[in-house]
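The values are calculated or read from the model by the stated rules, or taken from the named source; none is laboratory data. Since the model is a prediction, treat every value here as computed from it, not as a measurement. All Cβ positions, glycine included, derive from the backbone under ideal geometry; neighbour counts span all protein chains shown. Surface areas here come from the heavy atoms of the whole protein model, side chains and all, with no ligands, DNA or RNA. Shrake-Rupley method; radii C 1.70, N 1.55, O 1.52, S 1.80 Å.
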Amino acid sequence: MIMRLKRLLPLLVCLFALPLSAQTPDEPAPAPTTIATESPDLTEAAAPPFAQPTNTPAPTATTAPVFPIRPGSIEGNINDAFSSARYSFEANRDDSVTIRMETTSGDLDPFLSLYDAEGVLIGRNDDAAGGNRNSLIALTLTQGGTYTIEATRFPEGRSTGTFRLTLAIAGTQSAQPPADPLSVDPTFPVQFTRLDYGDVVYANALTDDAPRRYFAIGGQQGDLVRVEVTPRDTLVPQVRILNRNSEDISREAETSTGLIIGYTTLPETGWYLIEVSSRSGAGMFDLFVNRLASAVLQIGDAVTGAFTPEISTVSYIINARLGDQIAVTMFASEAESGVQPQLTLRDVEQEPVASPAQGERFSILRITSIPRSGPYILEVTNRNPQAGGGFSLRLTSFPANIERLDITPVSYNKDYPAALDGDAPLRYYRFSGKTGDLVTITMNRVTGSLDSYLILMDSDLNEIAANDDASINTLNARITQFPLPKDGDYYILASRSDLARGATTGEFNLALTAGAISLENGAVTATLRWSGVADLNLFVRDPLGRTISWSHPVSPSGGTLQIDSNTGCQTPSADPVEHIYWSPDALVTGDYGVWVWYQDGCQREDPVPFSLAVSVNGENILESSGELRPSQRFEAGMRVIDDGEAGITSPGRVTTPSPQQEASEGGDVVIRYGESLTGAITNDRYALFYQFEGDADDQVMIRVERLTDDLDPIVILRDADNNNLPGGSNDDADPDTRDSLLAYTLPATGEYVISVTRFGVRDGTTTGSFRLTLQRSNEPTA
């Protein structure tokens, strides 16, 4: 592979240029189970939800319309005015259907019914399981046709609130992520042992050669998880629970007997990684993982708990909507206990939403306006950890008054200029749409440092789509060809990364369009189309050796990536398309390589059908279709000569790139000043690449720290053409460490590439994980 050799050969050259003194020798998850309802007063209670009762009437007439939906998720609202919502979907005989109705705010007690094309009730469910008020229907259909879902509340109650309805049909491609993240096996960049709640693993060893062990656990939002580590020998362990971004979301405590406890409340349903490492010493340990409670705090419910000297903080999940006013009250149960309450509300990234509320025996936390719809983590803390004792909690909420928001009405196919600053970090817009409208919303920075962020909400302010970066190396935001789920009003929140907490400011232009995107014509065009949530990517290597893709959307030859769909599994499009073009007057002669790469299944493993079309001066040169599985790549080639004639040099083949090819050719990871990222070097993947934008005379500091195993890292700085910069490498920061540290003054404004590898590169023997940190040590020039 030409590109791989071009990237890796300079690493070998750079290695031998280092001082000699710096060189040292060297099982599938089961399908969801339908559980019979436990409500004794329902006629179907004794049968599973998919049992078909006899002579069951059709759904009761209601003013609520029937919304057609596709597999995926949709938000809704149940109140006294609209006590039910109905949705229809198309399915085939023998399709396996799973329908979930989950409360996202309020005290709603969900209740699901499913009717066939004749209006006959074929499934009903109140509670998916004991202690879980959410509803679940799972069954295999006996005939094809149009089916109707009725989402409502428990018949004898007056509960209200918002909900998320999720439809999954086995074997279909969805425009949304899978209904259950636990239905696919966990994937992490380290070796791990998969565990279930209640499992115990004995005699795990931590040594100098293996200082960390990893375990994967799957759980539901709100699960309060406890991990116990019992050490032996001289080992003093530490335990962390990491989310899918390798961020620590846990707290740690130690008992008087030396037992190490890690605990957390899971912010969302999915897979998590338990890391056990050595704080000091070495030896064996036993590990036990369990769920203590499903800790979702519902509005109006009184909750009690207790602190111990080992556990001084307990966390709960609160589901809230943008603009909601909430209040949490906390009492110490016994006046003499010494418990000193503190309440802190954090978002799912563990950032505080407001200052903590404290008191001697009583505390109340008030949030005047929730910044965005979704789950939040409530930390309940005893500031006097030596004292144990009970506490009680209660959550109250006042829904957002939409009319009080400063909202700008917008319409399709128009632009709206505006600005964000510290006094006005949020802008709201409203438009009306129809079921199935394909909407594209773009927020492009015009001036300043603004890092754009977009959120699309339905009429009840439930978040249905969001985007931070339209592509990997831009600060603009874009929601692309998103299908509206129903008729009505929709709201757009235009803001910046971290919303009100963010620091970037500037002017921007907001554009709202409907319908399929008009693709640019040009001297050379390549168009990729597929269906579903997977993130397929289009790559074109031009005759100058530069590759245009999501990672490098523009090349010096004039090649431009117009649209990148399903970027990073954000806001999946109903009709994903990627398009690369050269303007009509920018024909470049020579050899082109065209790839279609299935790089991210977005938690799915289904094969994805695709179509690829390549043209030169408006004439179709290549039309190909096929099917790719995760990590596979379709590769084709063509040659353009001076008179504009073109021909195929490679009609196309499907390959499976190696782990190192994925790192070298699959696009660089973006890192920005002030950020730290983690990665891992293995014998199969011995070099990783990161890109950043810098200005001339920026003084940069690049640090690579070994985190695990015996890794001997090397850092190399390169320009956008993959040329090593003079003096731009480091093996060991000093004689006492293997960590790398490079201080460098950038010679020009533009893109730079950081390569992290190991001593010996391909022939090296050291492996392990690392932390890469990029900093700018001088102030930017005006």
The orientation-averaged projected area of the Cα convex hull of segment 522-655, in nm², is 7.2
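Per the Kirkwood definition applied to all pairs of different Cα atoms, how many angstroms is the hydrodynamic radius of segment 443-513?
Values: mean 1/r = 0.0791 Å⁻¹.
One decimal place: 12.6 Å for the Kirkwood radius.
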extent check for segment 567-721: Cα max minus min per principal axis, descending, whole Å, gives 52, 43, 32
Quick tally, 1.4 Å probe accessible area for MET457, MET701, sorted with the most first, runs MET701, MET457
Log10 I(q)/I(0) at q = 0.21 Å⁻¹ for segment 677-728, from Debye over equal alpha-carbon scatterers, is -0.95
FRET efficiency for THR749 and SER88 from the Cβ-Cβ distance with R0 = 41 Å, rounded to 0.05, comes out at 0.15
In nm², the average projected area of the convex hull spanned by the Cα atoms of segment 408-478 is 5.6
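Ordering GLU627, GLU360, GLU675 by accessible area with a probe of 1.4 Å, largest first, what comes out? Present the calculation step by step, with values, prior to reporting the outcome.
Values: GLU627 105, GLU360 135, GLU675 65 Å².
Greatest to least solvent exposure: GLU360, GLU627, GLU675.
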All alpha-carbon distances of segment 715-780, grouped into 10 Å bins from 0, give the whole-percent distribution 17, 50, 27, 5
Taking only the alpha-carbon positions of the chain as identical scatterers, the Debye log10 I(q)/I(0) at q = 0.07, 0.08, 0.09, 0.10 Å⁻¹ comes out as -0.59, -0.78, -1.00, -1.24
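What FRET efficiency comes out for ASP695 versus GLU507 if R0 is 25 angstrom and r is the Cβ-Cβ distance? Round to the nearest 0.05. Don't skip to the end; give the middle numbers.
Values: r = 21 Å, r/R0 = 0.83.
Result of the calculation: an efficiency of 0.75.
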Over its alpha-carbon atoms, segment 389-516 yields an Rg and a Dmax in Å of 16.1, 60
Measure of exposure for ASP460: accessible area at 1.4 Å probe, Å² rounded to 10, is 40
Subtracting the Cα-Cα distance of THR140 and SER432 from 0.36 nm times their residue separation yields 101.4 nm
The ratio Rg/Rh over the Cα atoms of segment 645-782, Rh being the Kirkwood inverse mean 1/r radius, stands at 1.04
Reported to the nearest 10 Å², GLU623 has, with a 1.4 Å probe, an accessible area equal to 130
Two pseudo-spin positions, 7 Å from Cα along C-beta at ALA516 and at LEU707, lie apart in nanometres by 4.4
Accessible-area order for TYR673, TYR87, TYR453, largest to smallest, probe 1.4 angstrom, reads TYR673, TYR453, TYR87
The answer for the net charge of residues other than SER392 whose Cβ lies under 14 angstrom from its Cβ, with Lys and Arg +1 and Asp and Glu -1, is 0
Expressed in square angstrom to the nearest 10, the accessible area of LYS434 with a 1.4 Å probe stands at 120
